[in-house]
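Engineer: Encoded as structure tokens, here's the structure I'll be asking about.
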Amino acid sequence: MSALVRREAAELREQWLGRALSTLPADRPAAEAAISELYHLIGLTPPRFHWVTSPVAALVTVPPGVRARESVDRLPDWPLPARFSALVAELWRQLNGRIPPRQRSVDQLIRQEIRYPLSMSVANVLHPPLRAGHDGPFRQVSGWYSTQCPSWVAEYEALHLLAGVAFSTEQRRLIGLWATLAGSCGWWWPRPDVCVVSERPALVHTEQSDDDGRVRLHCADGPAIGYADGWDLYAWHGTTVPAWVIRDPSVTRIAEEANVEVRRCAIERIGWGAYIEQAGLRLVSAAPDPGNPGFELRLYDMRRETKVLLAVNGSLERDGTRRRYGLTVPGWLDDPIAAAGWTYGLSGEQYSRLLRRT
């Protein structure tokens, strides 16, 4: 039973991931109808809608007629996001009460296969533009975006379809409103009289980041996510980077970059072998890798009292290749085996006794 549920859950997860990361134009009538109904549920008349082309546009502009104290940098103080989030929390409580004890294990499997990977994928792909637009700490506003994340809708749909959990007509209607929003528009920001709604991205490039179906932003030759108004963002294997890292990486720019993660991404974009050659790094020492038989560890002088250890990954990538990567180590290390051990918190002798590293 669990194998069948797991397979069907994976199929549902992919369907919901496609909806969440869709690049189709928004279905504005469907989105406005669903939001209007949610306003009705908390006793308010439908709002005036203000559509924007990207989340960043929503976060840096104030719709006509909106007072300064209702600007988006005051989002934690807005009343409606909290009221809608409370509405969803109450719905979760009711839905969880409909799950029979004998189906709790299925619910846990569905959370593992659907809800958690979807939640992480949305955070990896659609949160970076939000972080770019918010001035304050993102954690202070992340609760509202978690409410909008379709991962919880997917969980309860899966419980109904795969485990036969019965929900009431009203509960299914409420789930359907949030499902409609997940499949018809981007993020939205509700005020009492006006609701700002964003279009979805015009382009999204991702890669799988884990075996549970999680994805993250990545594009090796252009923006990883972009919107119709021209706002875009570059990413290398999930790390947000300046455009030059993808478009025009160079040894000079890498040397001038203060952020260690951006430097690492730029070097990987060039390739560690090419970077070492272009930067003219001096080989200090090389030795067979005892943790990865058949491959070599190479230690090079770098800058700022550091060295770089060039190694080959002990496990295969998804495409069947082995990734070549560099690790910065303290400058006092002269032995590549000791340097490899240092990266694991081991001595060189301890590293030499490893059967195989990953």
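Engineer: Take the stretch 215-267 and flag every residue that is open to solvent by 30 Å² or more (accessible area, probe 1.4 Å), within 30 Å of SER22 (Cβ to Cβ) and in a helix (DSSP H, G or I).
Structural biologist: Within the stretch 215-267, ALA243, TRP244, ARG247, GLU261 meet the criteria.
Engineer: Still on this structure, please answer the following. Yes or no: the stretch 70-81 includes at least one residue that is small (Gly, Ala, Ser), touching a residue at least 12 places away in the same chain (Cβ under 8 Å) and out of contact with any helix residue (DSSP H, G or I) (no Cβ under 6 Å at 6 or more places or on another chain).
Structural biologist: The answer is no; no qualifying residue exists.
Engineer: Search the stretch 167-195 for residues being at pLDDT 95 or above and in a loop (DSSP other than H, G, I, E, B), and hand back the single one that is farthest from PRO46 (Cα to Cα).
Structural biologist: So the residue we want is PHE167.
Engineer: Can you name every residue in the stretch 296-319 that is assigned to a loop (DSSP other than H, G, I, E, B) and either modelled with pLDDT of 90 or more or hydroxyl-bearing (Ser, Thr, Tyr) (or both)?
Structural biologist: SER315
Engineer: Could we say that PRO201 is under 22 Å from GLY18 (Cα atoms), within 15 Å of the chain's Cα centre (by Cα) and assigned to a helix (DSSP H, G or I) here?
Structural biologist: Answer is no for this residue.
Engineer: Please count how many residues of the stretch 132-141 are touching a residue at least 12 places away in the same chain (Cβ under 8 Å) and either in a helix (DSSP H, G or I) or open to solvent by less than 30 Å² (accessible area, probe 1.4 Å) (or both).
Structural biologist: 5
Engineer: With (1) modelled with pLDDT of 90 or more; (2) surrounded by 15 or more Cβ atoms within 10 Å (Cβ to Cβ); (3) not in a helix (DSSP H, G or I) as the list, and GLY291 as the residue in question, which single condition is left unmet?
Structural biologist: Exception for GLY291: condition (1).
Engineer: Read through the list (1) open to solvent by 10 Å² or more (accessible area, probe 1.4 Å); (2) touching a Lys or Arg at 6+ places or on another chain (Cβ under 7 Å); (3) aromatic (Phe, Trp, Tyr), then give the number of the only condition that TRP152 fails.
Structural biologist: Here TRP152 meets the rest and fails (1).
Engineer: Of these, LEU80, LEU24, which one is among the aliphatic types (A, V, I, L, M), part of a helix (DSSP H, G or I) and farther than 25 Å from ASP210 by Cβ?
Structural biologist: Going through LEU80, LEU24 in turn, just one is among the aliphatic types (A, V, I, L, M), part of a helix (DSSP H, G or I) and farther than 25 Å from ASP210 by Cβ: LEU80.
Engineer: Of everything in the stretch 93-113, what is assigned to a helix (DSSP H, G or I) and in contact with a Phe, Trp or Tyr (Cβ under 7 Å, 6 or more places away or on another chain)? Give them in sequence order.
Structural biologist: LEU95
Engineer: Any idea which of (1) assigned to a helix (DSSP H, G or I); (2) of a type in the set (A, V, I, L, M, F, W, C); (3) open to solvent by 10 Å² or more (accessible area, probe 1.4 Å); (4) at pLDDT 95 or above is the one LEU161 doesn't satisfy?
Structural biologist: Every listed condition holds for LEU161 apart from (4).
The values are calculated or read from the model by the stated rules, or taken from the named source; none is laboratory data. Since we're looking at a predicted model, the values are computed, not measured. No Cβ is skipped: glycine too gets one built from the backbone with ideal geometry, and neighbour counts run over all protein chains shown. The accessibility values were calculated without ligands, DNA or RNA, using every heavy atom of the protein model including side chains. Shrake-Rupley method; radii C 1.70, N 1.55, O 1.52, S 1.80 Å.
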